[in-house]
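The numbers here are math on the coordinates, done by the rules we state, and not lab data. On a predicted model such as this, the values are computed, not experimentally measured, just so you know. Using ideal geometry, Cβ is built from the backbone for each residue, glycine included, and neighbour counts are taken over all protein chains shown.
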Amino acid sequence: MKRFTVALLAFALCAVAAVGFADDQHAVHSTVHADHSTMGGAMGAGKTGTWKGEVLDAGCYLGHGAMGAKHKECALKCAANGMPIMLMVDGKAILLTPNHDDADPYNALKTMAGSVAEVKGTLFTRGGATGIDVTGARLAAAK
């Protein structure tokens, strides 16, 4: 009878431990989903607008601060060769990304590297990075 009682008690402890483990796993799973939802969630969460600034090639700007008229020829070459491009807005460089439905405005920006442009799109910030999903682009009017 003692063996039966000990076996029953051991089974009960295992069952309680398994339920506790499952609850912990559910809590971890819920936390992971909660963390994903705070990372930006739906695409509609961004800010739509138009921003004006100099179009930069990311490699030269991040690597050694190159920008401006003296760097225009190099910026155009780097952008044409596939270097990511950025927009300098109020002293902050923002990554530019092509829109999945229409990459033409982003591709047009590559030909504007080193120039001031107006960029239309949706601004997003995730994980410390800020970018604009580009839906429109044009050279800025001269002052």
Sequence of Leu76, Leu56, Leu109, Leu62 once ranked by neighbouring C-beta atoms within 10 Å, starting from the fewest: Leu62, Leu76, Leu109, Leu56
Size of charge dipole - region 43-139 - debye, nearest 20, with Cβ of Lys, Arg +1 and Asp, Glu -1, no other charges: 200 debye
For region 42-143: span of alpha carbons on each principal axis (Å, largest first): 39, 29, 27
Filtered GluC sites (Glu not before Pro), region 45-143: DSSP coil and at most 15 other beta carbons within 10 Å: none
Taking Lys47, Lys52 and counting other C-beta atoms within 10 Å, the order from fewest to most: Lys47, Lys52
Across Lys47/Lys77; Lys47/Lys70; Lys70/Lys110, pairs whose alpha-carbon gap is larger than 26 Å: Lys47/Lys77; Lys47/Lys70
Within region 74-123: Cβ-based charge dipole about Cα centre, in debye rounded to nearest 20 (Lys, Arg +1; Asp, Glu -1): 220 debye
